[in-house]
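For reference, the structure discussed in these notes is given below.
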Amino acid sequence: INSASLAKFHRYQGGLLCVTENSINLFSNKGEKKWSTPIQISNPVLRVKGSYILLFEQGGRKFLVYKNKNLVFEAQSKNNILMGNISSSGDTIFATDKEYYKGAVSVYNNSGEEIYQRNFGNESVISADISDSRKIAVSLMNVTNQVVSTVVYFDVFDEEEKERVSYENTIIYDLDFVGNTLFAYADDKLIALNERGKQEWIHNFDGKNLKHYQKDKSDVSVLLFDNNNNSEFSVINSSGKEKQKIKTEIIPDFCDICDGYIIYNNGRNLFLTKINGEYLAKYTLLNE
């Protein structure tokens, strides 16, 4: 693939989805191309939930929704997109900039119709997600006196705020609904909240620097830390318990977790382990 380092990848229907600025490609787990669809989108960001695929321009307004290789709709946001997510029902949600405000949130249904829009003037919009039951969660940040992150809940068909929970000295920069559980990723902790905004559990990072995180299809997460120039993986189950801690002698650029395995890299070297830390293999990618 030309410019493979600029492509976006995601596991999809038993294979690997690969998105470039001019095509969407699905490869089988044997590396065979199953299908390819031409597109035109600058600097695409890729999000996948269920069979739906969302592509949007980082800092732009264009976005596309696909189901398999079929275009569901193409649309333009009214404002520049800061981040976006999609539900497995095909609803898309965007955090956007907004003139005279500190950000806004918009929701589109799977027909491309905007069904919800809200502006925020007192707190900055950082992230947002929508559940399959159309519960909206928005991460807001206030820095008036100290950094305070607040997760606020809304319903698509009701303008009133439903629930609100705040965390001091914390920056919540990513939200992810898994069923009715909302995972909030912060600079110093991982938080699980139910659909009523009640905290189910919290996993503190204890001063470590979180570099990267990935979630398995079974909702087991791997967190990659740079702990004073020592690399460390933490495997967290869906109940917030640390199942395993794995230390490495290198500082990986990236990691992923799937079906009980962890893969990570250092430059062109790939390393494969089990989630119990058992080392399995090293691969070196060579220039062709």
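Any idea what the relative contact order of the chain is, in percent, if you count C-alpha pairs under 8 Å spaced at least 6 apart? Before the final figure, lay out the partial values.
Numbers: 715 pairs, mean separation 18.3, N = 288.
After rounding, I find 6 percent.
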Percent accessible area from carbon and sulfur atoms, the chain, protein chains only, probe 1.4 Å: 43 percent
R0 of 30 Å, Cβ-Cβ distance His212-Leu286: FRET efficiency to nearest 0.05: 0.75
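If you add up the charges near Val147, with Lys and Arg at +1 and Asp and Glu at -1, over every other residue whose beta carbon is less than 15 angstrom from its beta carbon, what do you get? Walk me through the numbers before you get to the answer.
Working: positive: Lys102, Lys189; negative: Glu123, Glu168, Asp187, Asp188.
It works out to a net charge of -2.
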Distance violations [Cα-Cα > 29 Å] among Lys8/Lys208; Lys67/Lys135; Lys8/Lys30; Lys198/Lys274; Lys34/Lys217: Lys198/Lys274
Segment 1-157 pair-distance distribution - Cα-Cα, 5 Å bins, rounded %: 2, 9, 18, 20, 18, 13, 10, 6, 3, 1, 0
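Excluding Phe73 itself, calculate the net charge of residues whose Cβ lies under 11 Å from the Cβ of Phe73, where each Lys or Arg counts +1 and each Asp or Glu counts -1. If you can, show how the numbers build up before the last one.
Numbers: positive: Lys67; negative: Glu74, Glu113.
Net charge in that neighbourhood comes out at -1.
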Relative contact order (percent, whole number), segment 159-288, Cα cutoff 8 Å, 6+ residue spacing: 12 percent
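Using the Cβ atoms and a cut-off under 15 Å, what net charge is assigned to the surroundings of Thr20, where Lys and Arg are +1 and Asp and Glu are -1?
Details: positive: Lys8, Lys33, Lys69; negative: Glu21, Glu57.
Overall, the nearby charge balance is +1.
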Most mobile of Tyr100, Tyr52, Tyr185 in a GNM of the chain (Cα contacts under 10 Å): Tyr100
Radius of gyration and Dmax over the Cα atoms of segment 177-220, both given in Å: 11.1, 30
Relative packing of peptides 196-208, 121-133 - highest average C-beta neighbours within 10 Å first: 121-133, 196-208
Accessible area of segment 246-288 divided out per residue, in Å², using a probe of 1.4 angstrom: 67 Å²
Over the chain: Rg over Rh, Cα atoms, Kirkwood Rh: 0.96
Under 17 Å from Lys98, Cα to Cα: lysines that are on another chain or at least 8 residues apart: Lys62, Lys78
Extension gain from Glu74 to Ala4, taking 0.36 nm per residue of separation minus the Cα-Cα distance: 22.7 nm
Residue-normalised accessible area of segment 37-163, given per residue in Å² at a 1.4 Å probe: 43 Å²
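The values are calculated or read from the model by the stated rules, or taken from the named source; none is laboratory data. Being a predicted model, the structure only gives us computed values, none of them experimental. When we count neighbours, we look across all protein chains shown, and the Cβ atoms used for this are built from the backbone with ideal geometry, even at glycine. Accessible surface areas use protein heavy atoms only, side chains included; no ligands, DNA or RNA. Shrake-Rupley method; radii C 1.70, N 1.55, O 1.52, S 1.80 Å.
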